[in-house]
Protein chains: 2
Amino acid sequence: MATLKELAKSLNVSISTVSKALNDADDIGEETKKRVKELAETLNYKPNKFALGLKTRNSRTIGVVLPDIQNPYFAEVLYGIEKEALEAGYDTLICVSNESYQQEVKSVRMLTENLVDGIIISISKETLSLKDFAHLSSLASKKIELLQFDRVSPDLDCDSVQIDDQESVRNATQQLIDSGRKRIALISGLGNLNVAKNRIQGYKAALKQNEISKFIKILEVDSLEKTHFQFKNFIEQNTFDAVISIDNKSGIIFQNIMQHHFPERIKDVKIISFVHEKDALLTSPPLNYINQRGAEIGSFSFGLLKDRISNKQLQKQAIHKKLTAKINFN
Amino acid sequence: MATLKELAKSLNVSISTVSKALNDADDIGEETKKRVKELAETLNYKPNKFALGLKTRNSRTIGVVLPDIQNPYFAEVLYGIEKEALEAGYDTLICVSNESYQQEVKSVRMLTENLVDGIIISISKETLSLKDFAHLSSLASKKIELLQFDRVSPDLDCDSVQIDDQESVRNATQQLIDSGRKRIALISGLGNLNVAKNRIQGYKAALKQNEISKFIKILEVDSLEKTHFQFKNFIEQNTFDAVISIDNKSGIIFQNIMQHHFPERIKDVKIISFVHEKDALLTSPPLNYINQRGAEIGSFSFGLLKDRISNKQLQKQAIHKKLTAKINFN
DNA sequence: GTGAAAGCGCTAACAT
DNA sequence: ATGTTAGCGCTTTCAC
């Protein structure tokens, strides 16, 4: 790998001249700049990241902490981040907290030791319920920018990007109502995440707006293993003409259970679920879905973080971006 | 962040003494070592990665190149890698090739510039069909260790880790036969990947072994969008009593299509598919499945790569590890 | 058993 | 407009 030293020797100039020329300093002659840049190009010169990091104290690396990489939604967000970061010449360090507070703290520490310029995080369930954010709030003093997405805690003063959960579910519910549905059940596998609360609020808001007072008991799913049994029971014991699933598995399962055990009832039930476009095709007929726009959330998040890092005189105040979900409904 | 310099000053010894003590050099007194280590502990000293990289020329970082992060199998492998790497104090840089040759070349270059100690890759479809591996074979001369998993090209002389595709599918097919099935259809969405060829061979081997000469036409699925239509046609035009899916989507879809459009026929058909344990629960009844053991593939891969990197006098010759899939069959 | 000094590749303040 | 120099934090050779 070519170094500044080698370039300098070849061109019979000093190392600093080469460095400055490459960085377009304005006290270097145009002619010199040209010669330097050409040689750098042909020798395929790339600055040594370690020397650069040692000197400038920033790494052009960001960290991402995901609660669960096996959740397709987070994988999609990651994809969006990666794409933008690569383009901007940033490296990405990925950590998985596995919904554990301990793991999350470890991950953040690791990223800190690697002197990342910024961190994009979706907070783990455990951290959220423990409400212990010291490992994150201390980042500011270390000059590490922080951005939250999806699972956003209001206790943290930093930029955030998320779907407008309430509005999205309100819309989806409204569409069900517009198609003539009156008894709409809600199923959730999200526990007491804020995300879930907001989505449920959206659901209730839509019902209220349409003066539907009697809504179906909300069904909380615990573990994937028990789901089948729970759903069967629920279907037997309730009448409904629509179902909205606010996580990205239960809608698929629900439809399949109905198809299997209650084929005579399914034609009267409309189901809509938070799933990825592709996963909507896993069922037959395809599911109606609410698209969380993971890739967009990812690229938008990276963009915002990058602006903070490079200090693009953003407003000092935190920016809270909300995208509305896209709804696909037949 | 504490530095060697600061430790040295506090203890009234030289920087080099501190450095040696921390590295357990054997020309440093036990007493001194103890004092140094204690202080390092309390001050939470961590070596600066950039200084270390600059000096030692290795980064304790590995790169991972995945064809598609949104494929749950690759996400699972990544999880396995991450877990081991974190434990071993390695950082992980992740890149996604999106099945594109160009992207893959870019990713590998990026990783090289970051001076990773090794790369774990599953080669993109395009690269595999182009058969152009220059970007990978040149890694050796740069002292970057390489390991392939899942999509393995025999043209590359490096360690590899994968499922024994042929054997796994032979086993699965045999189980179908043992349960009395005779007309077993195979469906694939894998195109002409070697992985697909091997799996199909396993299928044929099992049929041959059991002297079943007439096997059903193999159904190749193109795009997810067309799948539903293709499957419906296929089901109408063929008689079969079992189906084996060798990718990780089509089995789910096939079962759902049957459930929906041919409920009277499905009880006579056994379906088995390469899906993740959790995804097997997406259908009702749950799918029989072949488990690719992604997490294990990941952790095993990292272990092997790490041994190569740290030169644990492995045999010079490449190691080709094959795990057999776990089959879950009722 | 401990320390001084050089140097990894780079930037930037300060000459010239 | 270009060069000299110091120094980022660390390891390592060589001297004491």
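Points to keep in mind about this one:
- Residues that are within 10 Å of chain B (Cβ to nearest Cβ) and not in a helix (DSSP H, G or I) within segment A:72-89 comprise just one, A:Gly89.
- Evaluation of A:Val64 against (1) outside any helix (DSSP H, G or I); (2) of a type outside the set (Ser, Thr, Tyr); (3) within 14 Å of DNA strand D (Cβ to nearest atom) (one fails), failing number: (3)
- The condition (being surrounded by 16 or more Cβ atoms within 10 Å (Cβ to Cβ), β-branched (Val, Ile, Thr) and either closer than 24 Å to B:Gln292 by Cβ or not assigned by TED's automatic domain parsing to the domain that holds B:Phe300 (or both)) is satisfied by just one residue among B:Thr32, B:Thr92: B:Thr92.
- Selection within segment A:314-330 - without any contact (Cβ under 8 Å) to a residue 60 or more places away in the chain and of a type in the set (A, V, I, L, M, F, W, C): A:Leu314
- Restricting B:Leu78, B:Leu52 to residues that are surrounded by 23 or more Cβ atoms within 10 Å (Cβ to Cβ) and either over 27 Å from A:Tyr79 (Cβ atoms) or in contact (Cβ under 8 Å) with a residue 24 or more places away in the chain (or both) narrows the list to B:Leu78.
- When segment A:7-29 is limited to residues that are among the acidic types (Asp, Glu) and more than 8 Å from DNA strand C (Cβ to nearest atom), the one that is nearest to the chain's Cα centre (by Cα) turns out to be A:Asp24.
- Cβ pairs under 6 Å, 6+ apart, first in segment B:102-131 and free of Cβ contacts under 8 Å to residues at least 40 places away in the same chain, second among the polar types (S, T, N, Q): B:Gln103/B:Ser97; B:Glu104/B:Ser97; B:Glu104/B:Ser124; B:Glu104/B:Thr127; B:Glu126/B:Ser100
- Note on segment B:249-273: residues that are in contact (Cβ under 8 Å) with a residue 60 or more places away in the chain and more than 8 Å from every other protein chain (Cβ to nearest Cβ) total 5.
- Residue in segment A:187-197 that is closer than 30 Å to A:Val108 by Cα, outside the structural domain of A:Gln237 (by TED's automatic domain parsing) and among the charged types (D, E, K, R) present: no
- Given (1) in contact (Cβ under 8 Å) with a residue 24 or more places away in the chain; (2) surrounded by fewer than 17 Cβ atoms within 10 Å (Cβ to Cβ); (3) not assigned by TED's automatic domain parsing to the domain that holds B:Leu186, number of the condition B:Asn311 does not satisfy: (1)
- The residue that is nearest to the other protein chains (Cβ to nearest Cβ), counting only those in segment B:14-42 that are among the acidic types (Asp, Glu) and under 25 Å from A:Leu54 (Cβ atoms), is B:Glu41.
- Condition met for A:Glu82 (more than 23 Å from A:Met110 (Cα to Cα) and more than 16 Å from DNA strand C (Cβ to nearest atom)): no
- Figure legend. Inter-residue proximity from segment A:31-48: first residues part of a loop (DSSP other than H, G, I, E, B), second residues more than 16 Å from DNA strand D (Cβ to nearest atom), beta-carbon distance below 6 Å, spacing 6+ or different chains. Indicated pairs: A:Leu43/A:Ala2; A:Tyr45/A:Ala2; A:Lys46/B:Glu113.
- Restricting attention to segment B:13-40, the residues being within 13 Å of DNA strand D (Cβ to nearest atom), among the small types (Gly, Ala, Ser) and farther than 17 Å from B:Ala2 by Cβ number 1.
- Identity of the residue in segment A:43-56, more than 9 Å from chain B (Cβ to nearest Cβ) and either more than 12 Å from A:Met1 (Cα to Cα) or of a type in the set (Phe, Trp, Tyr) (or both), that ends up nearest to DNA strand D (Cβ to nearest atom): A:Thr56
The values are calculated or read from the model by the stated rules, or taken from the named source; none is laboratory data. This one's a predicted model, so the numbers in the text were calculated from it and none came from an experiment. Positions of Cβ are backbone-derived with ideal geometry, glycine not excepted, and every protein chain shown enters the neighbour counts.
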